[in-house]
1. When ranked by the protection proxy of mean other Cβ atoms within 10 Å per residue, highest first, what sequence do the peptides C:179-185, D:147-153 form?
2. Taking a ≥ b ≥ c as the square roots of the Cα gyration tensor eigenvalues, with a/c under 1.5 meaning rounded and otherwise prolate when a/b beats b/c, else oblate, which class fits the stretch D:160-238?
3. Compute the helix-to-body angle for C:137-148: its Cα long axis versus the longest principal axis of chain C, expressed 0 to 90° and rounded to tens.
4. For chain A, take the longest principal axis of its alpha carbons; what is the angle in degrees between that and the long axis of helix A:77-88, to the nearest 10 within 0 to 90?
5. Can you give the calculated 222 nm mean residue ellipticity of chain B, where each DSSP H run of n ≥ 4 adds -39,500 (n - 2.57) and the sum is split over every residue, rounded to the nearest 500 deg cm²/dmol?
6. Can you tell me which of A:72, A:127, A:178 moves the most in a GNM of chain A? Springs connect C-alpha atoms under 10 Å apart.
7. Between residue C:207 and the same site in the other copies, what are the distances in nm, shortest first, taking label points 7 Å from Cα along the C-beta direction?
8. What shape does the stretch C:47-206 have by the C-alpha gyration tensor, where a ≥ b ≥ c are the square roots of the eigenvalues, rounded means a/c under 1.5, and otherwise prolate means a/b greater than b/c and oblate the rest?
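Nothing in this text is a laboratory measurement; each read-out follows from the coordinates by a stated rule. What you see is a predicted model; the values in this text were computed from it and never measured. Note: ideal-geometry Cβ built from the backbone for every residue, glycine included; neighbour counts use all protein chains shown.
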């Protein structure tokens, strides 16, 4: 086993690393999507980025709900507190950063909140919420991981990749956010929490559990729906 | 107010009729979608219909879960029993009819169950389930209504429309199923149940309730996701 | 390992049998409660039995909701169908039998439905529903098992025990219901379903899973709350 | 209409005030329970208070889950943020205060967390969680209000009542916590949030809504289960 690349916050031996390996082509289609490549190159048209930003704002609201569901689903204080910290970080810090950042792109919070969720936003967020409600905490965290861990891997690759253009790249702040140490730590923590919860619920070899194929299916669906989210940004679809 | 057309199982004055009026263009895009028109004309290519049938089978499983959720959400025996009857009808009668019907199109149940859900299937079904879990019984029934009532309206229009071709139409059985009296009654019952639950929860003028705009949003989203489901059939998308 | 007694519908080697062994004193306190002994002896005062019957009616409504939740939680058609059959059996057959039976004790359905749930009824039913919602299908089925399987064991013991008085026992019909072959089969099916779902989710040795202690805790809580339900009947508490 | 007493954080005209009026005898039985009176008089035996404190610790964990559920259930950012602040306050500040306070009574956090929940704790907390899951945000907030608002009223009455003994009262810190301005504000905020959410969902006269009797039933059940919680402290029941 090897990591996707040395700088990824997802070690190959982690549960998320094993899920990534089980969905390799879907993972590549998501993490190396044309939208991502155009952000790294600074060539993505602004209106595509703005379309994405508005939907990402609506997405963050649903992800705060999903982490709140994780607090509800957790049966240990440590997991409750970790999920609660994510809720607070999303609702307070991250959404405000997002709003400030969007303001620089001419997007107003009231306009964003009044925008209907696109199909891609609905599809991804409701899938995660519902998989988590129907299943247990582990199902929920796995459904969240392509976002929580994948954005970290995307950011780390952009920073590590010599082809990435930072100078005069209009998306430099976005790249430095997700590639920066603070978000890398968020991703590593998500990886670690899933390792911990998987051990609590499946034992020391999660991939040997009869639930493994079900977890792979959740991870694959969520990964594909993340790729659709990028595609929505490229296609400007509602 | 007027009904969409006289034979529709959705009276204009019903809650569903009022929701339909509030989302008129989305409703038309769904109920008069090109997929539907090609079914009525008998011109839809078979592989599109088969693609749809497989996903519709996977859809029925999720809809059985949604009606089970309605049993859980109901706080009156009458509503519990009506929803439970839908669960049983879906899991016993309808899925078996579907399987028998699919067999005539060369589709095997084990193959269907092994087929991954398409994005359109995931998006629609998880949206309904999640709207129902987050909200109350009325939110759930409204999310279900574009399917439960809309298929009845589509079937009724096909039967009523002189342009519909029945003779030598490969989809005749499908048209006669949804246009037939038995399914029309299913749709009328769904309309009536929503009127009843809306009165129990919102009073005698649901459209005057502060919740109305939220219910319209759910109805619109579900209607749009139903249209996407037809489009998935046309586009053969996974 | 040995069964509680040869006629019990719960084999010692089953998952429920192992849970029973892990909570032996709580299980005995529930299944051999004074209320049960007085029913078997025919000495329970009628007003205690009537108090129990009314709350049991309210309990059945909540149990129908719990089995509906099991349909929602299931990820295989076979488990969905088994749970759906329980919903239908509860809402159609069992509640009607209960109403007919209660009528003989002078209890009217409208009066029963208007009676507030006692604390014991609230405590047990909401615990089951919530454990099932927070956890997965296995957590839910385990929470249901002290009722679904325990009543079978209680009935089987009554029938097997030479001390049980059937002649002139005012509770003979109740004893023959739960001790009869039909309900014994219901209990055996519940035992078997839990074995099956445990294998699907935990593998071939559920007691070796890291989740085992959590399942024991759910089983113990539900068993204690069942014993409280008998005590409520004895104490006539609201 | 008049408030229970001038200093109560629950105005008579608020939704919670109207629910209180609809359940007056249950509310009095809860807020003026013998346990409360003995705390105010400083006569409660220490072991009863310690028994209560341990269960209250376990209760706070479940209440954090309930407020997390409120974040999930909310459909407006303002309500999500208010509920998220409660989750954080409970999991960070309040539980730590509780642990520090319990340490002074010789109670160790690890011992508390290893203590089984009493029936009264199970009954109350699961009732709240389940009412909230089955219903909407308003149902959940109403189920939470006897705690969130009632403790404030109890504290305010203790402070206002000349019969309360503060000097040499071993429970003085407890009285000053719940009677103090900080917690009074928590209670007033809970009252205000329910007014706001009730208006969003039921309009300007919630008591005229067809849902009113259902909300009264939830409030009454939760109030009775709170009274049982005090009784558990007096009776030292497991």
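1. On the way: C:179-185: 14.9, D:147-153: 24.0.
So the order, starting with the most tightly packed, is D:147-153, C:179-185.
2. Working: a/c = 3.33, a/b = 1.64, b/c = 2.03.
Oblate, because a/c is 1.5 or more while a/b does not exceed b/c.
3. Approximately 30 degrees, to the nearest 10.
4. Helix A:77-88 and the main axis of chain A meet at about 10 degrees.
5. About -23000 deg cm²/dmol.
6. The residue with the greatest mean-square fluctuation here is A:72.
7. 3.1, 5.9, 6.5
8. On the way: a/c = 2.11, a/b = 1.41, b/c = 1.50.
Note, shape of the stretch C:47-206 comes out oblate.
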